[in-house]
Structure formats: structure tokens, C-alpha cells
1. I'd like the residue in the stretch B:11-67 that is more than 19 Å from A:LEU460 (Cβ to Cβ) and at pLDDT 90 or above and, out of all such residues, is nearest to the other protein chains (Cβ to nearest Cβ).
2. Quick check on A:THR478: is it at pLDDT 90 or above and more than 30 Å from B:PHE24 (Cβ to Cβ)?
3. Taking the stretch A:449-470 as the region of interest, how many residues are more than 8 Å from chain B (Cβ to nearest Cβ) and under 30 Å from A:ASP206 (Cβ atoms)?
4. Starting from residues that are in a helix (DSSP H, G or I) and within 11 Å of chain B (Cβ to nearest Cβ), keep the ones in the stretch A:133-166 and report whichever is nearest to A:ASP181 (Cα to Cα).
5. Return a yes/no flag: does the stretch A:511-527 have any residue that is of a type outside the set (Gly, Ala, Ser) and either under 30 Å from B:TYR82 (Cβ atoms) or touching a helix residue (DSSP H, G or I) at 6+ places or on another chain (Cβ under 9 Å) (or both).
6. Among the residues of the stretch A:12-19, is any surrounded by fewer than 24 Cβ atoms within 10 Å (Cβ to Cβ), modelled with pLDDT under 90 and not in a helix (DSSP H, G or I)?
7. Suppose we filter A:LEU486, A:LEU491, A:LEU505, A:LEU472 for residues that are assigned to a helix (DSSP H, G or I), touching a helix residue (DSSP H, G or I) at 6+ places or on another chain (Cβ under 7 Å) and either within 30 Å of B:ARG84 (Cβ to Cβ) or hydroxyl-bearing (Ser, Thr, Tyr) (or both); which single one remains?
8. Report those helices (runs of 4 or more DSSP H) wholly inside the stretch A:342-446 carrying at least 2 residues which are within 13 Å of another protein chain (Cβ to nearest Cβ) and either crowded, with 17+ Cβ neighbours inside 10 Å or not acidic (Asp, Glu) (or both).
Amino acid sequence: MTEFLPPALILLTGALLIGPLRGHWRTAVVLAAPLATLWAVWQIPDGVVATVTFLDYQIEPLEGSPLRRLFATIFALMTFTGGLYAFRQARAVELAAAYAYAAGAIGVCFAGDLITMFLYWELMALFSTLVVWCGGTPAARAAGIRYAIMHLLGGVILKVGIEGVVVHTGSIDIQPMLATDFDTWMILTGILINAAAPPVSAWLADAYPEASPTGSVFLSAFTTKTAVLALILLFPGEPVLIGVGLFMVMYGIIYALLENDARRILAYSIVNQVGFMVCAVGIGTQMALNGAAAHAFAHIIYKALLFMSAGVVIYRTGKSKCTDLGGLFRTMPVTAVCGIVGALAISGFPMTSGFTTKTMISQAAADESLMTVYLLLAAASAGVFLHAGIKFPWFVFFQKDSGLRPKDAPWNMAAAMGLFAALCLLIGIFPDVFYRFLPYTVDYEPYKIGKVVFYLQLLLFSGLAFFLLLPLMRRTLTISLDTDWLWRVMLYRAATAVQAGLSALGAGLHTRRLQWFAALRDRGGYHFGALATRKRAGVFSRTWSIGTTGLWIAVLLTAYLLVYVI
Amino acid sequence: MTEPVEKDHWLVRPTTIRWLWLGFIAVLILTVFAQLLFPAKGYFGVDGWLGFGAVFGFLACLAMVLVAKGLGLFLKRDQDYYQRHDAEPPTDD
């Protein structure tokens, strides 16, 4: 069948071994399986390297290309660092689920056909739900159920689209298409649900912050970025994505600004960052697709770093609300510095990975003379600094003194954060090393002095705005409603109302039936005797004298005779 | 001499914060005037103006904070909102 080991299967085997193994053996598997996967990723050459016949279809479970290897590489790296971060703190079931989830993501990377892609897609949905459930609280359980419903629904929509494409074109190949008919729209919708696009962006900020401190690190990486990869492979240059992406960018900022929970702020900023990538896929030029892929790579690193930093804080203090935190830099310098590096990277500060990757997307917009898109992306870059770049570290590590004096990160968590912080800076300082791995040849120089000055102005004055507007951003003990209100509250209320209405109707009918039977019994009794009294009785239940009876019989027999004769 | 028993971290003392603000303002002014030395070409003309990034960044943030504040009036709810509205969580654990 194939001389290459499928990387996803290596990681899946690792996930299966985590459960039964104990102690150092388990640690060895947790750390070695992602590295073995990474090795296998780089053995896959370009083109289809394995085919299987399934029913009448030529399934291509392994297809390599620079883009696919790039995404698989960062997924494997993420799994390794996440494993390092979590292996002493997380439960085995969570690690196993997270590894199987990552295996699904890597499987999607190399899927050469829609059927394989769909199978790995569902693997991700299943095991990511498990990771959410490992949060262990009733809230995590409820959020996990909502998460699972959303992703299974997305999977069904994707499947409908795939079936349609297979029936109408006869091809199961993964190839660029545009959303022109029902089938392709269904595929696009199914993918966009996983990308947390509107109107269902709410699932992300609902579920991820309910996972355990270690679980949300894994969750932040795979689902949305796999969707970005699928969009690059299937819908490059689809114009609707520009609008969708810009909406996500602004949505993430506004909701993050309103939010009080540190991890939920980070969750909203995932939607914001994925919006940049979706918009880039919509622009669709080589520069834009390079930008989307590079930004996804960089984003996974700094977003995981931010979630790790928040995770350490929650692990040590048990608190995640900005109103409860503050002043932690005194006793958690390592966590604070790593969090700040992640925050600078997500804001796209020069010398960080965000700058060298996100500006490619802006460049692509400028190249296509999309001035509105360019300016909105610039405004959004300022907004990212506002909602994540300063807000997250400020409210968690500085702000007021909360009086908390927790210990700094355990060594493995610190090592994982250090590794990713270093990568953020490496990609920022030596972008050319990284650019070589992008799908198209890169003809882009990020550090032009005019551009650096522009972005410094943009970001530093956003910083000024943050501190001047702090009184407007006082944290409150609130959450913000989203479209999920429609099904969490309105639909629930409607269902309760319908249920109450039906019960009332049922109860009413029951009473009416009893009344009706009682009345019938009453009338029957009145007419036929059972309930008759001497004074009150129907015609047939009265006592008749023999003479009257004889007379009536005579009358009836005469009537009978007459009718018979006539 | 009566020293306070425990001085707070040097980073949060009022004098430090004053110096940080002064430094920050100096850097802000520098970044705007750096544009005189290294004129930015700009992609669309308007973004090459002196201090465009600064004004644009500041105004964009102001607008986003105000929009968020305005939407917050409609969207913000008490943090237990969904606990009161969701179905009762299962009680078997």
C-alpha cells in the first residue's frame, strides 16, 4: 500500500499507548510520539504517495505538498510542546484525547481526497469534545455538549456538500473550487463552522475556556487552523471570505474588549486572528496564501504561549477573571515575561513572529489595491494590541495588586513556554529562515524602515489609547450575549413554552374528557334508570302503568301495520 | 526616620510610573518624527502622511472601545446569566 508511515497513525498509536502506560514510560511516549510524527511528516514527498480502493473510490490517504507539510509540522510541534507543558499536570485521559485530536488534525493535513479529510475531521470533533469534558466541571460538561452538537452539525453540513460534489462531478479530489452552487456552499459552510466564522463564532469562546488549564492549550491550536488549511486547499480566492474574515477580525476585538475572563479574552482573539487568515484566503494571491499559512503557523505558537501563560495562572491561583487577578508579576516573572512575549507577538510588534507574518497579509491587500481591506486590517492590528497585546498582560500581571502571591510555573510548563517564546522571537528576528518553508516563493521584505515606523506608530499610539481609556474599560462581573443566546435561551424558552402549551392542552383535554364522560353517564343514568329518582327520571326510566303501556303497544303495532301496508 | 515596613515592588512605585510615562511619551514623539528621517512611501498616498499611523491607530482604538462600550449596553449580562437560563445541570455527580 505505502512505503511511508502515515504521520497521523504514529500520533494515534501514541494516544492509544498513553492510557495503559504509567510513569516514565508514559512520559516517554508523550514526548517521543510527536517527535516521531514530526520526522514522519518530513518523509512525505510532494504528490500522492498512497492510494487505497474503497468501494468505487480511489482514496488518497497521503498526499504531500509544502503547504501540507508546513501545517503538519506546526501541529506536531504544538503537540510536543503541549505534551511537555501538560504531562505532569494533566490526567492521562486528557493527554490521550488531545493526542488523538492532534492526530486528526495531522490526518487532515495529508488527506488527498474529501472522504479521508472528512474522516479525520470527525476524529477531531470527537476527541476535542473529550478534551473539553476533561475540564471536569458541570459547566465544562454542558459546554462540551454544546460544542459537540455544533461540530457534529458542521460535520453533517460538510458531508452533505461532499456527497453533492461527488455525485455531481464524480471527483473526490481536494482541488480549488469556488462557492458557486449548493454543494460547494455546503462544503464552505461546514469548514467555516470549524473556523468559528459568523454567525456561530460563539462556540469557541463558549467551550475553550471551560477546558482544563492544559486542555485549552491544545484546543487553541488545531480545529480553527485545520479549517484555515482546508480553506487554502479548497477555496483560495473565494471573494466571500474577505468579508467573513473582516467581520471575524472586528467581532473578536469587540467581544474581547467586553470580556472579563482571561481565557475567554484569548478565545475571542483566536476568532480575531483566524479572521486575518480567512481574509487572506479570500484575497487569494500567492502573497496572501503565503501570509495565511505563515500567520497560521506563527499564530499557533503565540496563541498556545498565551494560553499556557493563562493556564499557569489558573493552575496556581484557581482564578481566571481579570477582576480577581492582578499584580502577579511580582512572584511569577517567568510566566509574565512569556505572556508578554506572546502578547507582543499576537500584536505584531516588530521583532516578533506576528510582525513578519501578519504584514504579509496587509501587503497582499495593498498589492491588490484593496484600500478598505488594508485600512481595516491596520485598524484591526491596532485593536489586537488593545484587546490582547496590552489588556491580557495588564489585567493579569499588573493592574492593581490582587494580593495573590502564587508560585511561578512548574519546570515543565516553564520549559514549554520558553520554547514557544523563543520561536516567537526567532521567526520575528530571522524571518528568511522561516519563509523558505512557505508554499510559494517569498518575495517579501518585512523590515522596510518606513513600514516598521508605521507599525510602531500604530501600535504605540494604541497603547496610549489603552491607558487613556482605561476608565472606560473597567472590568465588570459580566458576560456578553452572542448568537448562541438564540439557542441557549430563546430556543430553550420556545421549547419550554411549547412543552408547557402541550401539557396544558393535554391537561385541558383530560379534564374535558372526564367532564364529558361524567355528563354522558349522568344523561344515561337519567334516561335509562341507573341514576333516576322517583321525582326526576327520563322517559324510559319512569315507572309506567300497565294501561298506558298497553295503549302504547297498540299504537306502535298499528303504526307498524300501516307502514307495512302502504 | 520612619521607613515603611515593606516597600512595594519598585515597578509600581509612583516615581517609577511617572518615569515610565515620560519615557513612553518620548518614544511616542520619536516614532512620529522618525518619519521625517525615513519618509514612508505609503501604498495609497494617505498612509504616507506624517503621523498617519499614530492618528489612525489612536482613533481606531477610540472607535473600537466606544463601539464595544455601546454594544455592551445591550449585550452585557450578569455572569450567572446562563446558569439561570440553561437547563438544570445533571445532579448525578
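The values are calculated or read from the model by the stated rules, or taken from the named source; none is laboratory data. Keep in mind that this is a model prediction, so the values were computed, not measured. Cβ placement follows ideal geometry from the backbone for every residue including glycine, while neighbour counts extend to all protein chains displayed.
1. Only one residue tops the list, namely B:VAL67.
2. The answer is no for A:THR478.
3. Here the count works out to 1.
4. Taking the stretch A:133-166 first, the residues in a helix (DSSP H, G or I) are A:133, A:138-166.
With the extra rule that they be within 11 Å of chain B (Cβ to nearest Cβ), the set shrinks to A:138-143, A:145-146.
Details: A:PRO138: 42, A:ALA139: 40, A:ALA140: 38, A:ARG141: 38, A:ALA142: 36, A:ALA143: 34, A:ILE145: 32, A:ARG146: 29 Å.
Applying the filter and picking the extreme gives A:ARG146.
5. yes
6. Yes, the stretch A:12-19 has at least one match.
7. Numbers: A:LEU486 fails: touching a helix residue (DSSP H, G or I) at 6+ places or on another chain (Cβ under 7 Å); A:LEU491 fails: touching a helix residue (DSSP H, G or I) at 6+ places or on another chain (Cβ under 7 Å); A:LEU505 fails: touching a helix residue (DSSP H, G or I) at 6+ places or on another chain (Cβ under 7 Å).
Result of the check over A:LEU486, A:LEU491, A:LEU505, A:LEU472: A:LEU472.
8. A:353-367, A:371-384, A:391-397
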